[in-house]
Amino acid sequence: MKSDIEIARECGLRPIEEIADMVQIPVEELEHYGKYIAKVSEHLIDEERVDKSNLILVTAITPTKAGIGKTTVSVGLALGLGRIGKKNIVALREPSLGPCFGLKGGAAGGGYAQILPMDKINLHFTGDFHAVTSAHNMIAALLDNYIYQHREEGFALKEILWRRVLDVNDRNLRYVVTGLGAKTNGVTMESGFDITPASEIMAILCLAKDEQDLRRRIENILLGTTIEGKPFRVKDMGVAGAICVLLKDALHPNLVQTTENTPALVHGGPFANIAHGCNSVVATKLAMTYADYVVTEAGFGADLGAEKFFNIKCRKSGLTPKLTIIVATTQGLKMHGGVALEGIKSPHSAGLKKGLENLDKHIENMRAFGQTVVVCFNRYATDLESEIALCREHCTSMGVGFAVNNAYQEGGEGAIELAELVVRTIDEHPSSSVVFTYDDSDDIETKAEKVAGRVYGADGIVFSAAARKMLARIRQLGVENYPVCIAKTQYSFSSDAHSYGVPRGFKIQIKDVIVNCGAEMIVLVAGDIMRMPGLPKSPQAERIDLINGEIVGLS
């Protein structure tokens, strides 16, 4: 089969005005970024039309290193819905350069189920990630300058909480020292870098409902603590307006198209393992304003992305999906069934049966959120019909809808079964209102305990001394009503990346707590997870190239 970028290059793109017209987005509202990309203002959101639209969440079992294919399924479902005559938009997050040049090589779907133009979407796109990076680092520069310029007046921070960000996997930047050399180089202090998708600015962009809300959140960002023990925020420097200027265009969702020329809104890009993992609220609501069916996804396994989608995004926005799709593959199920990684592409029905326990746990979790669940089997060329049948029989026995997705090879034609199942299920058994895992009034420890116990299956939470110190700070700040965002490995329900299946008898170790007063959530860092990833031994950058003016290696 042809590579993803070869397929993308052969697809005939339609002018973005035609894509907008398909769902009646006013052409005069488009802000063009070339012929095939445009920004659309969030002021077009109509809450009454949002309430009438059908939101579909795509999530997955605990993934393998190669992923499970949620984006391919999300785009494929949109194509399938189009094939059966349903007006739909797929609303996705933007890819990060880190994974594109690191492990994945791209994140715009695959095969004949992609969002296009995939090369631009995977690379610089409309500059949203650059705007987030610039805004975050501008705050860091302004903070350092404020400390430098006011030091002789006795101003100082006894604790600085604001780090820097970069959209590149660079482990050498996790912990750094700045201001070395002459006094004119600034005040010497410890700092460090997170990856841009973990930035609080990214979270703010994805949760803000409009420009006013964006400004309010930026003003409220907690930067550190003064010598007197008072919180020091962005509004104390008087620069929130400048940061809003940098983010003005980035706040608007991006309209593109799929391999079959159906509309797609792509906006925001927080990771689900170290951030909240969902595209922006404004993009989702804009899609729901103009489509009867909206497909969106939440990153990595359902214990991460979907949990945060419900407990953070839905809690803050009022969104309620009509259906949740859990994506599974034979390779992923076999890995969770104890099959060695080098053998998961080979037949192994016993390992697959054992691995279904991981799927069952995710189904149980999604039902606990009040969701009607269907399982989408994402097909690979090595799959056996007998193993697919085994998965179908298992889901049927649980009363869960099951469909095979083959959009990777067949485009929309390969997702018709899934599309028909989705429409039928929404008509007959739509999800109830979202049931949150915890209440706003719970303290942070209780919220963490409930997520760990009810979603992960853990026996409890253990906070480090440093984490407990921050919990005390949270109580002083009066922000215990914020939801929790647990940063945890995506490869296991536990915080041990190698504990596959459905581990039992474990506790979640919280080593750090990060207070995001602008994003209005508390980030709990579990186990060995890093907010700045590193590159693998053989990064995808070794295979990405520009040959005769054409990009190769993106996938």
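The values are calculated or read from the model by the stated rules, or taken from the named source; none is laboratory data. This one's a predicted model, so the numbers in the text were calculated from it and none came from an experiment. Here Cβ is always computed from backbone atoms with ideal geometry, including for glycine, and neighbour counts include all displayed protein chains. Surface areas here come from the heavy atoms of the whole protein model, side chains and all, with no ligands, DNA or RNA. Shrake-Rupley method; radii C 1.70, N 1.55, O 1.52, S 1.80 Å.
Provide a single number: the residues in region 100-123 that are closer than 19 Å to G268 by Cα, buried (at least 24 other Cβ atoms within 10 Å of the Cβ) and touching a strand residue (DSSP E or B) at 6+ places or on another chain (Cβ under 8 Å).
Residues flagged as closer than 19 Å to G268 by Cα, buried (at least 24 other Cβ atoms within 10 Å of the Cβ) and touching a strand residue (DSSP E or B) at 6+ places or on another chain (Cβ under 8 Å) within region 100-123 amount to 7.
Going through A275, A242, A306 one at a time, which residue ends up being among the aliphatic types (A, V, I, L, M) and not in a helix (DSSP H, G or I)?
One residue alone meets the criteria, A275.
Does I388 meet the test of being assigned to a helix (DSSP H, G or I) and either open to solvent by 70 Å² or more (accessible area, probe 1.4 Å) or touching a residue at least 60 places away in the same chain (Cβ under 8 Å) (or both)?
No.
Each row is one residue, and each column tells you yes or no for (1) over 23 Å from the mean Cα position of the chain (by Cα); (2) of a type in the set (A, V, I, L, M); (3) farther than 30 Å from P231 by Cβ.
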{"position": "D443", "(1), (2), (3)": "yes, no, no"}
{"position": "V455", "(1), (2), (3)": "no, yes, yes"}
{"position": "M470", "(1), (2), (3)": "yes, yes, no"}
{"position": "R475", "(1), (2), (3)": "yes, no, no"}
{"position": "T489", "(1), (2), (3)": "no, no, yes"}
{"position": "Y500", "(1), (2), (3)": "no, no, yes"}
{"position": "F506", "(1), (2), (3)": "yes, no, yes"}
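Select the strands (runs of 3 or more DSSP E) contained entirely in region 138-204, then report the ones holding at least 2 residues which are surrounded by 12 or more Cβ atoms within 10 Å (Cβ to Cβ) and not polar (S, T, N, Q).
157-160, 164-166, 193-195
Quick check on region 32-41. Is at least one of its residues modelled with pLDDT of 95 or more, part of a loop (DSSP other than H, G, I, E, B) and in contact with a Gly (Cβ under 9 Å, 6 or more places away or on another chain)?
yes
Can you tell me which of (1) of a type in the set (F, W, Y); (2) open to solvent by 10 Å² or more (accessible area, probe 1.4 Å); (3) out of contact with any Cys (no Cβ under 6 Å at 6 or more places or on another chain) is the one F369 doesn't meet?
(2)
List the pairs whose first member sits in region 294-319 and is basic (K, R), whose second member is part of a helix (DSSP H, G or I), and whose Cβ atoms are under 6 Å apart, counting only residues at least 6 apart or on separate chains?
K316/L207
Hey, among G370, G412, which residue is closer than 28 Å to I7 by Cβ and in contact with a Phe, Trp or Tyr (Cβ under 9 Å, 6 or more places away or on another chain)?
Among G370, G412, only G412 is closer than 28 Å to I7 by Cβ and in contact with a Phe, Trp or Tyr (Cβ under 9 Å, 6 or more places away or on another chain).
Considering only region 249-264, I want to know if a residue exists there that is part of a loop (DSSP other than H, G, I, E, B), open to solvent by 10 Å² or more (accessible area, probe 1.4 Å), over 24 Å from H32 (Cβ atoms) and in contact with a Lys or Arg (Cβ under 6 Å, 6 or more places away or on another chain).
no
Just one of T320, T289, T284 is surrounded by fewer than 24 Cβ atoms within 10 Å (Cβ to Cβ) and in a helix (DSSP H, G or I); which is it?
Residue meeting the stated conditions: T289.
Can you name the condition, by its number, that L546 falls short on among (1) in a strand (DSSP E or B); (2) open to solvent by less than 50 Å² (accessible area, probe 1.4 Å); (3) closer than 30 Å to T72 by Cα; (4) of a type outside the set (K, R)?
(2)
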